[in-house]
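Single-structure report; data block below.
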Amino acid sequence: MIQRLLGVSVGALITFLILWLSTVVKPVDLMPWYLAAAVIGAIASFFWPVVIGFWLHRRAKARRDDQIQKEVDRQLEEQQKG
C-alpha cells in the first residue's frame, strides 16, 4: 500500500515538474509536453523501487565494508602490540 502511494506521488511530482517546465519554455503545441509528462511520470512511478533499492544496497555495502575495515585495523593493532 505504501509502495503504491509513494510510486503515485513520485510519478505525480515528476509529471508536475515536466508540465511546469513546459510553461517556462512556452512551446507552441502543448500536446507533446503532456504526453511526455504522462509517460515519464508513469515510468518513474513504476521504476522508483528499483532505484531506491540500488541506492540502499550500495549504502549498506559501504557500511559493511567500513565495519570490516575497522575490525581489520583493530586486529592488526592488537598483533603489533602483542
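Tell me, please, whether a residue that is among the β-branched types (Val, Ile, Thr), surrounded by 13 or more Cβ atoms within 10 Å (Cβ to Cβ), part of a helix (DSSP H, G or I) and within 23 Å of the chain's Cα centre (by Cα) can be found in the range 29-47.
Checked against the condition, which is being among the β-branched types (Val, Ile, Thr), surrounded by 13 or more Cβ atoms within 10 Å (Cβ to Cβ), part of a helix (DSSP H, G or I) and within 23 Å of the chain's Cα centre (by Cα), the range 29-47 yields at least one hit.
Go through (1) at pLDDT 90 or above; (2) surrounded by 13 or more Cβ atoms within 10 Å (Cβ to Cβ) for VAL72 and report which single condition fails.
(2)
Within the range 48-61, track down each residue that is surrounded by 10 or more Cβ atoms within 10 Å (Cβ to Cβ) and either touching a helix residue (DSSP H, G or I) at 6+ places or on another chain (Cβ under 7 Å) or of a type outside the set (Lys, Arg) (or both).
TRP48, PRO49, VAL51, ILE52, GLY53, PHE54, TRP55, LEU56, HIS57, ALA60
The values are calculated or read from the model by the stated rules, or taken from the named source; none is laboratory data. As the structure is a computational prediction, the values presented were derived from the model and not from experiment. Heads up, the Cβs are rebuilt from the backbone with ideal geometry, glycines too, and the neighbour counts pull from every protein chain shown.
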